[in-house]
């Protein structure tokens, strides 16, 4: 077997417990985030209500979001943020507006049990690490949370589907990550919790795969399976 040099990780519910499958604010955290946007706009002299945000931003965005599997890319926030700026008479940038919405939800995010120790063990043995993740928002928002939980610095490269313009199961992000890590597919492994995206993308890119078992059991069979990240160094032969 070719020597292992690189490990690619999914993020949501692999490194960080997102609280839901989408990695987006929902329920009370969604409403608090909308209130935060409205307050930020008002502080800048503009005006918008949380209810208007549904019409201006979230309803049209969701229509595109529902087509992400068909289009093979994430739904763009840009046209909806532009519409919001015109209607609310604000100059706040996309990332600032989205950051206000994301912030209450972000406070609820926590590392998956065993994530720090597993990542530390792999990095300590000289393996090159990258994150390759499907996310519906700009990667900088998620990177801030990984940094807050002392996970980000171990990853030499990050590929976020929102920024990359493609999403797993396409192998495109994995191939870019491998190039950035200077690793061949045979020298790498993809770790993820979704067989239809993470494992399928790994197989398409020619890398070995490790499935962190979840209820999402449909899709290609992985090379290895684990129940917790604490098992990962052992199944990869790292002691």
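The values are calculated or read from the model by the stated rules, or taken from the named source; none is laboratory data. Since this is a predicted model, take the numbers as computed values, not measurements. Cβ sites come from the backbone with ideal geometry, for glycine too, and all protein chains shown count toward neighbours.
All but one of (1) out of contact with any helix residue (DSSP H, G or I) (no Cβ under 8 Å at 6 or more places or on another chain); (2) in contact (Cβ under 8 Å) with a residue 40 or more places away in the chain; (3) over 30 Å from residue 232 (Cβ atoms) hold for residue 101, so report the exception by its number.
(1)
How about the range 82-95: which of its residues are surrounded by 14 or more Cβ atoms within 10 Å (Cβ to Cβ) and more than 14 Å from residue 59 (Cβ to Cβ)?
85, 88, 90, 92, 94, 95
List the strands (runs of 3 or more DSSP E) that sit entirely inside the range 120-239 and contain at least 3 residues that are outside the structural domain of residue 94 (by TED's automatic domain parsing) and either crowded, with 20+ Cβ neighbours inside 10 Å or touching a helix residue (DSSP H, G or I) at 6+ places or on another chain (Cβ under 8 Å) (or both).
128-133, 157-160, 188-192, 208-212
Looking at this structure, is residue 98 buried (at least 19 other Cβ atoms within 10 Å of the Cβ), assigned to a loop (DSSP other than H, G, I, E, B) and outside the structural domain of residue 229 (by TED's automatic domain parsing)?
No; evaluated as a whole, the condition is false for this residue.
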